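What follows is a single structure, written as structure tokens, with notes after it.
The values are calculated or read from the model by the stated rules, or taken from the named source; none is laboratory data. Note that the coordinates shown come from a computational prediction; the quantities given were computed from them, not determined experimentally. All Cβ positions, glycine included, derive from the backbone under ideal geometry; neighbour counts span all protein chains shown. We work out accessible area using only protein heavy atoms, side chains counted, and drop any ligands, DNA or RNA first. Shrake-Rupley method; radii C 1.70, N 1.55, O 1.52, S 1.80 Å.
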Amino acid sequence: MAITTCIFDAYGTLFDVAAAAREAASEPGREAFAQHWQKVADDWRLKQLQYTWLRAVADAHTDFWEVTQNGLDWALEASGLQGDPELRERLLSLYWELSAYPEVPDMLANLKAAGMNTAILSNGSPDMLTGAVDSAGVQEFLDDVLSVEDVQIFKPAAVVYDLVGKRFNCAKDDVLFVSSNGWDAGCATGYGFTTAWVNRAGEPVDRLPWTPTHILSDLTSIPDLTSS
């Protein structure tokens with residue numbers, strides 16, 4: 001069947017999760033942080049994801065903002081920066097203003113011009129996602145923003161992917177699901193979606209029972225996948 005609905009993960013897929021640390025490192029007076037920003041950004045993202053998985057299997061759900069703060073606190077301590085509350089607050093503030101990757105606006109505009117349903121499906125809480133979408137200026141290209149808060153468990157729980165069919169009244173094989181997380185794309189393949197893993201870093205494929213349908217270096221060719 002033809003793809004009618006294109007669904008995107010948010011953080012790391014549409015929005016650059018390293019942008020907060022990168023921008024803070026470029027600000028005057030943050031020369032010490034500039035030496036550590038890449039490690040902090042990497043650790044922050046890794047712990048943020050790990051905490052979602054652990055909370056999901058432990059049935060200890062909380063909103064993504066708390067997980068984001070917990071991940072940052074771990075990352076700052078790992079780099080010996082836990083004693084700088086002003087830096088912490090600045091990084092958290094910037095996380096609400098993440099920039100989209102350069103190809104995102106045109107890619108989404110092309111999907112809408114082709115008549116696609118488009119939406120975000122994210123671990124993010126609704127207010128965080130609203131902030132990111134507004135900051136990136138892509139709200140006009142999205143039909144909806146779906147959050148795991150509706151089901152109170154993080155991806156890759158199947159009930160999260162169920163939200164797509166409920167919202168768009170579509171079958172699983174109507175959907176192209178796009179994520180920068182290999183595990184997310186793989187699990188969505190197992191769920192029944194056609195998937196695209198945006199592998200910007202050239203990482204190996206995760207060893208899971210399922211693999212992404214497509215592997216891309218960026219989002220530019222997404223409209224082509226919906227018409228193939």
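Of all the residues that make up region 20-40, how many are closer than 25 Å to Ser217 by Cα and open to solvent by 10 Å² or more (accessible area, probe 1.4 Å)?
Keep residues of region 20-40 that are closer than 25 Å to Ser217 by Cα, which gives 20-23, 37-40.
Subsequent filtering for residues that are open to solvent by 10 Å² or more (accessible area, probe 1.4 Å) retains 22-23, 37-39.
Qualifying residue count for the region: 5.
Pick out the one residue from Pro212, Pro156, Pro204 that is part of a loop (DSSP other than H, G, I, E, B), open to solvent by less than 20 Å² (accessible area, probe 1.4 Å) and not small (Gly, Ala, Ser).
Details: Pro156 fails: open to solvent by less than 20 Å² (accessible area, probe 1.4 Å); Pro204 fails: open to solvent by less than 20 Å² (accessible area, probe 1.4 Å).
Matching residue, one of Pro212, Pro156, Pro204: Pro212.
For region 43-95, name all the residues that are charged (D, E, K, R), assigned to a loop (DSSP other than H, G, I, E, B) and farther than 25 Å from Ala157 by Cα.
Start the filter on region 43-95 by keeping residues that are charged (D, E, K, R), which leaves 43, 45, 47, 55, 59, 63, 66, 73, 77, 84, 86, 88-90.
With assigned to a loop (DSSP other than H, G, I, E, B) added as a condition, the list becomes 59, 63, 84.
Scanning region 43-95 gives a single hit, Asp84.
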So is Arg45 surrounded by fewer than 22 Cβ atoms within 10 Å (Cβ to Cβ), of a type in the set (Lys, Arg) and under 14 Å from the mean Cα position of the chain (by Cα) or not? yes
Does any residue of region 130-149 turn out to be over 17 Å from Phe64 (Cβ atoms), touching an Asp or Glu at 6+ places or on another chain (Cβ under 7 Å) and surrounded by 18 or more Cβ atoms within 10 Å (Cβ to Cβ)? no
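If a residue must be assigned to a helix (DSSP H, G or I), without any contact (Cβ under 8 Å) to a residue 24 or more places away in the chain and either under 19 Å from Gln50 (Cα atoms) or not basic (Lys, Arg) (or both), how many such residues does region 159-191 contain? Full working, then the answer.
Taking region 159-191 first, the residues assigned to a helix (DSSP H, G or I) are 159-168, 172-174, 182-191.
Within this subset, residues satisfying the condition of being without any contact (Cβ under 8 Å) to a residue 24 or more places away in the chain are 159, 162, 165-166, 172, 190.
From what is left, the residues that are either under 19 Å from Gln50 (Cα atoms) or not basic (Lys, Arg) (or both) are 159, 162, 165, 190.
Going through region 159-191 one residue at a time, the tally reaches 4.
If you take the residues in region 192-201 that are outside any strand (DSSP E or B) and open to solvent by less than 30 Å² (accessible area, probe 1.4 Å), which one is nearest to Pro105 (Cα to Cα)?
First, pick out the residues of region 192-201 that are outside any strand (DSSP E or B): 192-193, 199-201.
Filter once more, keeping what is open to solvent by less than 30 Å² (accessible area, probe 1.4 Å): 193, 199.
Working: Phe193: 23, Asn199: 19 Å.
Per the stated criteria, the residue is Asn199.
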When region 81-99 is examined, which residues are found to be at pLDDT 95 or above and among the small types (Gly, Ala, Ser)? Ser93
